[in-house]
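The values are calculated or read from the model by the stated rules, or taken from the named source; none is laboratory data. Quick caveat: nothing in here was measured; it's all calculated off a predicted structure. No Cβ is skipped: glycine too gets one built from the backbone with ideal geometry, and neighbour counts run over all protein chains shown.
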Number of protein chains: 2
Amino acid sequence: MRRIEFYDTTLRDGSQAEDIQLNIEDKLKIALKLDELGMDYIEGGWPASNTVDQAFFKEIQRYQLRHARVAAFGSTHHPASTPEKDAQLQALIDSRAEAATIFGKTWDLHVAEALRVAPERNLEIIRGSVAHLRQHMPEVLFDAEHFFDGMKANAEYALACLKTAHQAGARVLVLCDTNGGTMPQEIGAMVEAVCQAVPEAAIGIHCHNDCELAVANSLEAVRRGASHVQGTINGYGERCGNANLCSIAPSLRLKHPGEYECLAPDALERLTHLASYVAEVVNVPLFTRQPFVGKSAFAHKGGVHVSAVNRMSRLYEHINPAQVGNRQRILLTELAGRSNIVNLARRYGFHLDKDEPVVKGLLNELKAKSAIGYDFAAAEASVELLLLKKLARRGVRDFFTLVKFHVLDHKDGPGQEPVSTATVLLEVEGVREHTASEGDGPINALDKALRKALKPFYPRLDEMRLIDFKVRVLSGGDLGVEGDKPNAGSACGVRVLIESADASSRWVTVGVSHDVIEASWQALVDSVTYKLYKDELQRHSGEE
Amino acid sequence: MRRIEFYDTTLRDGSQAEDIQLNIEDKLKIALKLDELGMDYIEGGWPASNTVDQAFFKEIQRYQLRHARVAAFGSTHHPASTPEKDAQLQALIDSRAEAATIFGKTWDLHVAEALRVAPERNLEIIRGSVAHLRQHMPEVLFDAEHFFDGMKANAEYALACLKTAHQAGARVLVLCDTNGGTMPQEIGAMVEAVCQAVPEAAIGIHCHNDCELAVANSLEAVRRGASHVQGTINGYGERCGNANLCSIAPSLRLKHPGEYECLAPDALERLTHLASYVAEVVNVPLFTRQPFVGKSAFAHKGGVHVSAVNRMSRLYEHINPAQVGNRQRILLTELAGRSNIVNLARRYGFHLDKDEPVVKGLLNELKAKSAIGYDFAAAEASVELLLLKKLARRGVRDFFTLVKFHVLDHKDGPGQEPVSTATVLLEVEGVREHTASEGDGPINALDKALRKALKPFYPRLDEMRLIDFKVRVLSGGDLGVEGDKPNAGSACGVRVLIESADASSRWVTVGVSHDVIEASWQALVDSVTYKLYKDELQRHSGEE
């Protein structure tokens, strides 16, 4: 078994992604999770470039990491400076990180055009920078920037740069496909050439996804001799992103059994959790179709597939989803057949027959609501409520009914904060409850007024909190916001998805309307009803 | 030059994606665009499975496609039936498509477990189905389902299935990695083996992205002998999606110059447009980091990169973005250096020096607003306004100021539609305008009241329409909707992005607040101001 080192650069290269901004707390949270996963290196940032990264290296000292080494990123020294006087290198030393990873030029075009020095001077810069760091830090890694382009342009020079770094003390020579434009067969051949040219060094690979090949290129590099893989969680990174470690790790371990070792023994089972956790911290929703860890990764929609999947999962799943901590999902959509409904009902404990009239009725209702924008694939709690109401099972009922609501939002001047208030009139357990509340925005005000009305009757609503709220406009041109033109088409509107949680679970509900407040109201009502139903069911089963 | 056939299955396999539902108009729109691109085949759907697909094949007859053949999808006949009596095969013939693509079993496990027949009976089914279709349709393609798994389990049997299909008249034998679990080197070796075993047949490849390798696997198959590639636009498809034709086409043409031909000669230059167009029709935002065509694909954020990119694009871009119809973007973010600002200003026609105090001031303002959630990378019109106001250039001014607004939304019973009204009091060109409007939801009402007040002064606002509206909650736990708990942290709130358009351009503006109505108001105000400024600028330049 070959041990493959994993080097995570989510905190540095990953944070170069267009929609990602990390503060110091975010960075610490992610670093600790990566360490739990058995990451070998965590690149914390570029201390010479900003104060957040400097603070990270200081803060991380307080933690006792179990496995990972913390690496600081920087570059070879400035051409006009010396290793001893260079601020970049000093910042690396001052970071007190366990490893320094510095990038240097290996492409002769870059040496001439970006660095603007003679080829020999670049070798001197590499040698001096690595040797100086090696005197003050436990370990140095050398990132050969634009290595593959450099190798194509001038192989002799590119290899000379690597040899220089190695001789000066760099433990790992990391071959970087900085622009992400190299094809797998080229990567493979060049990695093999490097392994032959510098046989004593550990060879690393650092790929970008500009051709949708970063994972393939990394796997090919490993197959041809690399023992160190750099990448990010969920493939975050500048432009099209970096190589996605969440795809590389399961491919290495599950698709090459007995060949490679990487990360902690139980890392894969925790992979989906890790990917979601990091997505939450960086505040970018996980890409639905992301391999292995995405929400759709093991989701089946087509009718034919679903009945086959019911029979034998292996027929339509390349691995067992539990191996990467994910789960199979059967989706209810407009393509849904009756076997999807039967399958879904089974999940909630009901054994229905495909030919029962209630199955056909439910299918029609779901299809009709899907057609006007209800996203039942996302809002499984709303589906469950629909199913339970249709089946008229014990525990599900209308816990309350709306008589009316009234929401007001006003702003009294350009610099003023807006003020939102809501009043709600409900009938709860035979009693009329009229409540009002201010709030942070109209939906918050409505939510608070609703809870105020319900709490005297259902005190356990206190345990429940709203954890996410998403609004989606349903059809591009038909927002109902086009000047004075009437709406084109009845399908226009907004969809609101609300995710709620209590101590034991999380659930998502949906509302659709042309009015964002009405759509939110629908989703709030489902969310509260779901909580009340869950509690009632629990109480009943406790009594039996 | 080898001509590689492109076979698009966006309308069939693509629509199996979790979040995609296509109606007949959507399908027709996409088909016509694919034809313009020079697609060789367009798989329109599965006529035996649903009425939308049947209608598509009927409707598409009315159009004269320039290049593409329309293919209908189905399967080999039912084991209990005969080719002549099988409803599946009859639906293919009735579709009047120019080609039938049928999938059949080649994995012995599937023959036994899913089909539940003897291996010989499966060969008979393949032979009978292909031969029957071939009698009634111009062309038959055979999709060898689970081919690579089948080949690993029992190569002799898998190859026998292919040979049978070929002898019965299938022009293309498409090797399908149905579960998406196969590694590139395995695909390559097996494609080569098939090319040797059935040298007279055209070999196709159909990959799924479950290991993030669909593009690599397709390219490897082509390199080892396949001449027909199946996939979808933007990689849509069930689970993790299908092979992304928008990545395969540019890699084949730009990364292997002189080796492969595919699509129309000018297809690549129109690729980004096509990808966005299809994303709009299917109503799923294009993945930001999507290679070649994504919004971030050529976006540069880091300070070091930006100054190098300014010097010489080739240093940090693997191709010229224009080759795929995309463009370079320089992002303004918390990492932005002063050179980003200078660069941005240059785009709007201002030559600033890095050391001018206004550059530093603007940078600080952008950083401060970014920190509380303004997404300036997305909302470039809002950045431009900020820049122009700071520079106090001619044409930018406050065209109006708010005195107050007041928005009311009420619902008077469970079955009732909600009613939204807004009143706005503005000062416009020295005059107080007090207007009111109902609307489809509170934001539409506010938008209408605002326009009503401004139109007498600025009649050209009639040309402008709102084309997209996005709401994003800024921090998971801190929505201000958590029962009666106070907000945790001041950063919580919602971000609204509004995209507007007139006859000549499109622009995006941003607003941030804890109140969705206030955030929408900010974005609306920027949107209208941008339109007025643009017009004024045009008028001025017309006068000169």
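For the stretch B:386-403, does any single residue satisfy the condition of being more than 9 Å from chain A (Cβ to nearest Cβ), of a type outside the set (A, V, I, L, M, F, W, C) and assigned to a helix (DSSP H, G or I)? Within the stretch B:386-403, one or more residues are more than 9 Å from chain A (Cβ to nearest Cβ), of a type outside the set (A, V, I, L, M, F, W, C) and assigned to a helix (DSSP H, G or I). Taking the numbered list (1) at the interface with chain B (Cβ under 10 Å from one of its Cβ atoms); (2) more than 18 Å from the chain's Cα centre (by Cα) in turn, A:Asp53 passes all entries but (1).
In summary, A:Arg460 fulfils each of the numbered conditions (1) touching a Ser or Thr at 6+ places or on another chain (Cβ under 9 Å); (2) in a helix (DSSP H, G or I); (3) more than 8 Å from chain B (Cβ to nearest Cβ) with the single exception of condition (1).
Can you tell me which of A:Phe376, A:Phe469 is modelled with pLDDT under 95 and assigned by TED's automatic domain parsing to the domain that holds A:Tyr533? Lay out the reasoning, then the answer.
Working: A:Phe376 fails: assigned by TED's automatic domain parsing to the domain that holds A:Tyr533.
When all the criteria are applied, what remains is A:Phe469.
Can you name every residue in the stretch A:406-432 that is at the interface with chain B (Cβ under 8 Å from one of its Cβ atoms) and surrounded by 15 or more Cβ atoms within 10 Å (Cβ to Cβ)? Hits for the stretch A:406-432 are A:His406, A:Val407, A:Leu408, A:Asp409, A:His410, A:Lys411, A:Asp412, A:Pro418, A:Ser420. Flag: B:Ala449 matches the condition of being among the small types (Gly, Ala, Ser), more than 10 Å from every other protein chain (Cβ to nearest Cβ) and either out of contact with any helix residue (DSSP H, G or I) (no Cβ under 6 Å at 6 or more places or on another chain) or under 18 Å from B:Leu461 (Cα atoms) (or both). For the stretch A:271-286, taking the residues that are assigned to a helix (DSSP H, G or I) and of a type in the set (S, T, N, Q), the one that is farthest from the chain's Cα centre (by Cα) is identified as A:Thr272. Among the residues of the stretch B:15-61, those identified as out of contact with any helix residue (DSSP H, G or I) (no Cβ under 7 Å at 6 or more places or on another chain), assigned to a helix (DSSP H, G or I) and not hydroxyl-bearing (Ser, Thr, Tyr) are B:Gln16, B:Glu25, B:Leu32, B:Leu34, B:Asp35, B:Glu36, B:Asp53, B:Gln54, B:Phe57, B:Lys58.
Looking at A:Arg116, A:Arg171 in this structure, which one is modelled with pLDDT of 95 or more and not polar (S, T, N, Q)? Write out each step before concluding.
On the way: A:Arg116 fails: modelled with pLDDT of 95 or more.
Answer to the check: A:Arg171.
Please go through the stretch A:74-109 and pick out each residue that is surrounded by fewer than 24 Cβ atoms within 10 Å (Cβ to Cβ), part of a helix (DSSP H, G or I) and of a type outside the set (S, T, N, Q). Listed by number, the residues that qualify are A:Ala87, A:Ala91, A:Ile93, A:Asp94, A:Asp108, A:Leu109. Between A:Glu124, A:Glu156, A:Glu145, the distinction of being crowded, with 18+ Cβ neighbours inside 10 Å and out of contact with any Pro (no Cβ under 9 Å at 6 or more places or on another chain) belongs to A:Glu145 only. Residues of the stretch B:172-195 that are within 30 Å of the chain's Cα centre (by Cα), over 27 Å from B:Arg134 (Cα atoms) and hydrophobic (A, V, I, L, M, F, W, C): B:Met183, B:Ile187. Within the bounds of the stretch B:198-211, is there any residue that is within 14 Å of chain A (Cβ to nearest Cβ), in contact with a strand residue (DSSP E or B) (Cβ under 7 Å, 6 or more places away or on another chain), crowded, with 24+ Cβ neighbours inside 10 Å and under 19 Å from B:Tyr41 (Cα atoms)? Scanning the stretch B:198-211 turns up at least one residue that is within 14 Å of chain A (Cβ to nearest Cβ), in contact with a strand residue (DSSP E or B) (Cβ under 7 Å, 6 or more places away or on another chain), crowded, with 24+ Cβ neighbours inside 10 Å and under 19 Å from B:Tyr41 (Cα atoms).
In the stretch B:216-230, what count of residues is obtained for those that are surrounded by fewer than 24 Cβ atoms within 10 Å (Cβ to Cβ) and facing chain A (nearest Cβ under 8 Å)? Looking only at that region, the number is 1. Contact annotation: residue pairs with Cβ atoms under 9 Å, 6 or more positions apart or on different chains, pairing a residue in the stretch A:353-381 that is farther than 18 Å from A:Thr509 by Cα with a partner that is acidic (Asp, Glu) and surrounded by fewer than 20 Cβ atoms within 10 Å (Cβ to Cβ), are A:Val359/A:Asp353.
Within the stretch B:446-458, residues that are closer than 14 Å to B:Ser420 by Cβ sit with their Cβ atoms under 7 Å from residues that are assigned to a loop (DSSP other than H, G, I, E, B), at 6+ positions apart or across chains, in these pairs: B:Asp447/A:Val481; B:Lys448/A:Asp484. Does B:Asp177 satisfy the condition of being touching a His at 6+ places or on another chain (Cβ under 7 Å), facing chain A (nearest Cβ under 7 Å), crowded, with 24+ Cβ neighbours inside 10 Å and within 21 Å of B:Phe73 (Cβ to Cβ)? Spelling it out, it is not the case that B:Asp177 is touching a His at 6+ places or on another chain (Cβ under 7 Å), facing chain A (nearest Cβ under 7 Å), crowded, with 24+ Cβ neighbours inside 10 Å and within 21 Å of B:Phe73 (Cβ to Cβ).
Does any residue of the stretch B:76-92 turn out to be more than 36 Å from the chain's Cα centre (by Cα) and of a type in the set (A, V, I, L, M)? Taking every residue of the stretch B:76-92 in turn, at least one turns out to be more than 36 Å from the chain's Cα centre (by Cα) and of a type in the set (A, V, I, L, M).
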